[in-house]
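A.B. asks: Just dropping this structure here.
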Amino acid sequence: MIEDFQLKMHREMIPIEEIEQTLKTTGDVSAREARSIIQKAEGLKGLTPDEAAVLLQCRDKQISGLLYQTAKRVKESIYGNRLVLFAPLYLTNTCINNCLYCGFRRANRTLERRVLSEEDIRSETETLIRDGHKRVLVVAGESPRECGIDYLERAIKTIYSTKIGHGEIRRINVNVAPLHIGEFRRLKAAGIGTYQLFQETYHLPTYQKVHPSGPKSDYHHRLTALDRAMEAGIDDVGMGVLFGLYDYRFEVLALLYHARYLEKKSGVGPHTVSVPRIEPAAHAPLSTNLPSAVSDEDFMKLIAVLRLAIPYTGIILSTRESAGLRDKLFHIGVSQISASSKTYPGGYTETSPSNNPPISPFNKGGLRGIWDKAGFERGQFTTSDLRSTSEVIRDISQDGFSPSFCTACYRVGRTGQEFMDHAKPGHIQKFCLPNSILSFKEYLLDYGGEELRKIGESLIEKQTAAIQDAHLRKATLKKLQEIEMGKRDLYF
């Protein structure tokens, strides 16, 4: 009876047969209809799964160009031209699962397992603070005995209590294994922002194949984790897919169905959507032998389609991707990015060997060639964008984006339904632009070098002048002066 109920619920949330039929019937739609769908998306109302399927399968180059241009405009209509920066903070690499694509899998006998102590966590946090970060994403392997809710609560408290001069972590988001409602309530009480969980693949047969053992093999328990998080009072949740396990077109449509389900049930869709692609990891057989590899061209397209389909959501791009490709993707819908990431516990404080990174064995399109050697040997996955945080900030600033370390929405209660009420019509950028300017000003004063300050001050001057509301522009200028005089953590 329980299995019958789970299958019924799964079909309601992720209708596999319907998705597959949609992909069959939308494969030969004309470029004219695709153009009409893209034009409709400029109204910020999103796309149906059928409309998204049309765009995913259209191979017309002119349509692709229009898709990218429109995704850029839609993202700017919602969030402006700011890019939020964060860093992942890995607490553990111990795990009782055996996922075929992950470096932390139980069968990896060569991996030195580690659970960070309170002192370790404080050292990692201090390093991130010195790098200018204000947001971290806490990540841990699934190992309830060593990394249960008690450990997570202590870790979060340690991170928040760590201060260096003006520096501090102001918001912790969390990506850990599914919890029960009571545990989610404790996570909420600890002061987290977004709870993030990836289904990895929504295709049930593939899911069962790539998760052969451990608690993660329970598809239904994972699929319903975001329901439990929201029931426990966590306003903002993030979802995602690990692209490369199954047909990316199916996965995108399944993501949209899951988002629609959450919105229908709770009135609030996903706060963020993450789009990781599988990267190499030691002793992870699928990480270098992808069953459904996604090309760079298709990856760009799916990100643009997601931006049009769920325009209000934050689209997160990690350092798995190369610097060159990331710089392109920033222009077609991405709104949150990690920088200078380490994907194993203790990675920020240790001294890494100065080895040349190896060549990826599955280069996709020529843009992804090198990755972090230590990340391959010790990490959950490898990273390809090896730029420092300051280098990323320099590059995006020169590209006209406003680097943002803002955490205001979480702290003034613009979360859940209230956030959506601001985001869906595009009103949230009233806060996003000035808050990004203020947080960037802090970064430049406290952590920026001479060259970066020159670039940043010029950008801030232009961005401040672009604030259309005269009263808000004046208030922003006043807060900038206060920051110059030593005040910190100012926001709207």
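A.B. asks: List pairs: first residue in segment 181-194 and over 14 Å from LEU226 (Cβ atoms), second residue of a type in the set (Asp, Glu) anywhere in the structure, Cβ distance under 6 angstrom, at least six positions apart or on different chains.
C.D. replies: Close Cβ pairs (under 6 Å, with a partner that is of a type in the set (Asp, Glu)) amount to ALA190/GLU153.
A.B. asks: Further, regarding this structure: Residues in segment 75-98: is at least one surrounded by fewer than 22 Cβ atoms within 10 Å (Cβ to Cβ), hydrophobic (A, V, I, L, M, F, W, C) and in a loop (DSSP other than H, G, I, E, B)?
C.D. replies: Yes, segment 75-98 contains at least one residue that is surrounded by fewer than 22 Cβ atoms within 10 Å (Cβ to Cβ), hydrophobic (A, V, I, L, M, F, W, C) and in a loop (DSSP other than H, G, I, E, B).
A.B. asks: Out of VAL136, VAL210, report the one residue that is more than 25 Å from ILE337 (Cα to Cα), at pLDDT 95 or above and in contact with a strand residue (DSSP E or B) (Cβ under 8 Å, 6 or more places away or on another chain).
C.D. replies: Just a single option satisfies the conditions, and that option is VAL210.
A.B. asks: Quick one: GLU126 ticks every box in (1) in contact (Cβ under 8 Å) with a residue 12 or more places away in the chain; (2) closer than 25 Å to HIS258 by Cα; (3) of a type in the set (Asp, Glu) bar one, so which box is it?
C.D. replies: (2)
A.B. asks: Go through segment 180-221 and give me each residue that's at positive phi and assigned to a loop (DSSP other than H, G, I, E, B). Spell out the reasoning first.
C.D. replies: To start, the set of residues in segment 180-221 that are at positive phi comprises 191, 200, 214.
If the condition is that a residue be at positive phi and assigned to a loop (DSSP other than H, G, I, E, B), then GLY191, GLY214 are the ones that fit.
A.B. asks: Can I ask one more? Please enumerate the residues belonging to segment 442-492 that are within 23 Å of LYS134 (Cα to Cα) and of a type in the set (S, T, N, Q).
C.D. replies: Across segment 442-492, the qualifying residues are SER458, GLN463, THR464, THR476, GLN481.
A.B. asks: Okay, next question. If you check every pair at least six apart or on different chains, which have Cβ atoms under 6 Å apart with a residue in segment 283-300 that is assigned by TED's automatic domain parsing to the domain that holds LEU245 first and a residue that is surrounded by fewer than 18 Cβ atoms within 10 Å (Cβ to Cβ) and among the polar types (S, T, N, Q) second?
C.D. replies: Cβ pairs passing all conditions: HIS283/ASN108.
A.B. asks: Here is a check on your reading of the model: is ARG171 closer than 30 Å to ILE483 by Cβ, assigned by TED's automatic domain parsing to the domain that holds PRO285 and basic (Lys, Arg)?
C.D. replies: For ARG171, the condition - closer than 30 Å to ILE483 by Cβ, assigned by TED's automatic domain parsing to the domain that holds PRO285 and basic (Lys, Arg) - is met.
A.B. asks: Would you mind telling me which numbered condition in (1) touching a residue at least 24 places away in the same chain (Cβ under 8 Å); (2) assigned to a helix (DSSP H, G or I); (3) not aliphatic (A, V, I, L, M) GLN69 fails?
C.D. replies: The single condition GLN69 does not satisfy is (1).
A.B. asks: With the condition kept exactly as written, say whether any residue in segment 159-179 is part of a helix (DSSP H, G or I), over 23 Å from the mean Cα position of the chain (by Cα), surrounded by 19 or more Cβ atoms within 10 Å (Cβ to Cβ) and at pLDDT 95 or above.
C.D. replies: no
A.B. asks: From the list ARG113, ARG59, pick out the single residue that is within 22 Å of GLU251 (Cα to Cα) and without any contact (Cβ under 8 Å) to a residue 24 or more places away in the chain.
C.D. replies: ARG59
A.B. asks: Another one. Give all pairs with beta carbons closer than 7 Å in which a residue from segment 386-398 that is among the hydroxyl-bearing types (Ser, Thr, Tyr) meets a residue that is in a helix (DSSP H, G or I); count only pairs at least 6 apart in sequence or on separate chains.
C.D. replies: Qualifying pairs under 7 Å: SER390/LEU452; SER397/ILE455; SER397/GLY456; SER397/LEU459.
A.B. asks: Would a scan of segment 140-149 turn up a residue that is within 21 Å of TYR443 (Cα to Cα) and among the charged types (D, E, K, R)?
C.D. replies: The answer is no, given that none of the residues of segment 140-149 is within 21 Å of TYR443 (Cα to Cα) and among the charged types (D, E, K, R).
A.B. asks: Return the residue satisfying two criteria in turn: it lies in segment 327-373 and is among the aliphatic types (A, V, I, L, M) and modelled with pLDDT of 55 or more, and of such residues it is surrounded by the fewest Cβ atoms within 10 Å (Cβ to Cβ). Full working, then the answer.
C.D. replies: To start, the set of residues in segment 327-373 that are among the aliphatic types (A, V, I, L, M) comprises 329, 332, 334, 337, 339, 359, 367, 370.
Imposing the further condition that a residue be modelled with pLDDT of 55 or more reduces the set to 329, 332, 334, 337, 339, 370.
Values: LEU329: 22, ILE332: 21, VAL334: 25, ILE337: 24, ALA339: 24, ILE370: 18.
Ranking the qualifying residues of segment 327-373, first place goes to ILE370.
The values are calculated or read from the model by the stated rules, or taken from the named source; none is laboratory data. Worth saying up front: this structure is predicted, and the values here are computed from it rather than measured. Heads up, the Cβs are rebuilt from the backbone with ideal geometry, glycines too, and the neighbour counts pull from every protein chain shown.
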